[in-house]
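So the structure is just underneath, and the comments pick up after that.
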Amino acid sequence: MDDTSEQPSPGRRRLWIAVQIVLTAAVFAYLFSIVDGPALLAAFSRAAIWSVPSAVLALLAVMCMGALRWAWLIRAYGGARVPPFLQLLHLQLVGLFVNLLPGAVGGDVVRGVVTRDAFGPGGTLAGVAVVFVERVVGLMGLILLVSGMLLLRPMPALEDLLNRAVLWLGLLAAVTAIAGVAIGRRLAPYAPGRIGELLAALPSLRSPAAFAIAILLSVANQLLVGLVGHAAIGPLAPHVDVLDSLVLSPIAFAAVFFPLTVAGAGTRDAAMVLLYGTLAVSKEHALGASLQVLLTYLIVAGAGGLSALVFPLSRYQEQPPSEAVVDAPKGE
């Protein structure tokens, strides 16, 4: 690899893993303490046999939509060549697997490093920056979807819980982060030493149209996230409309960004209990649905880990750039 970064010490890494595991266990312990055990078991018995399989299919669709969004962002930020769709999908699945490991925060870094060839020699930082922008664009898609759905279908209980100002502040933070990447190159001449070199390597937005397409794909991605949640909650709480889940599930799933638990586990479950509680869904049913979602993520992430064994990521680096990546199809 053409760029290196300082690795955390083994002791610090072990401490980080311990904190994540302890806090994740603590959150689950609290959740199980506030629900009735027999009622939770009854909720599992009511779960539809197709709930987890359909949620797995919906999550795979989320991965596919994410790969398409990533491709358009690479193009938007001036990538000379866009990796094939199947390669990007493979990296999405492997990144999900890595991010689900205790102590792991590098799934997105792995994706960015492996696709550095799209930006030519020395493109590692550009590749990682685009993956970072992809995450931010995902947040923008979440905010746009939730705001739009609340305008079309007001949910007073949720609006009391979640102030609209929070959505606007989140959108402002997302725009600020993207702007920071955009102006980084211009600040490079004024920054000292290594910082200036890093800023100079950041990509600049070359195609606003491609970026706009990525935003639309991000909204579609969040719609699919809503379907993942509804596949689990629907059979347990028939009074919950799919339109409700299109708002509540993406918000709950955003807990995956919470760094102090393992891949947001526990915090996502607590969020589902809290949010679906605004629709009179019992804690037992909401927790039962969230555990099905956790199983869904484990299945899809496990497939990503298995694919990394069968098709090692090194295969993308061993090939010449002309073979490892191809121009994106015009209709992509």
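Among the residues of this structure, A301 counts as one that is crowded, with 21+ Cβ neighbours inside 10 Å, at pLDDT below 95 and either among the aromatic types (F, W, Y) or touching a Phe, Trp or Tyr at 6+ places or on another chain (Cβ under 7 Å) (or both).
H285 meets all of the listed conditions (1) out of contact with any Leu (no Cβ under 6 Å at 6 or more places or on another chain); (2) farther than 18 Å from G66 by Cα but one, namely (1). If you scan the range 50-82, which residues turn out to be outside any helix (DSSP H, G or I) and surrounded by 24 or more Cβ atoms within 10 Å (Cβ to Cβ)? Result: Y77, G79. When A265, A254, A324 are checked against the criterion of being at pLDDT below 90, farther than 27 Å from M149 by Cβ and buried (at least 18 other Cβ atoms within 10 Å of the Cβ), A324 stands alone in meeting it.
For the range 225-235, a residue qualifies if it is surrounded by fewer than 24 Cβ atoms within 10 Å (Cβ to Cβ) and more than 14 Å from M149 (Cβ to Cβ), and the qualifying residues are G234, P235.
Taken together, A47, A42, A26 contain a single residue that is at pLDDT 85 or above, among the aliphatic types (A, V, I, L, M), loosely packed, with under 13 Cβ neighbours inside 10 Å and over 30 Å from H90 (Cβ atoms), which is A26.
The values are calculated or read from the model by the stated rules, or taken from the named source; none is laboratory data. From a predicted model like this one, the values you see are computed outputs, not experimental measurements. Virtual Cβ from ideal backbone geometry, glycine too; neighbours counted across all protein chains shown.
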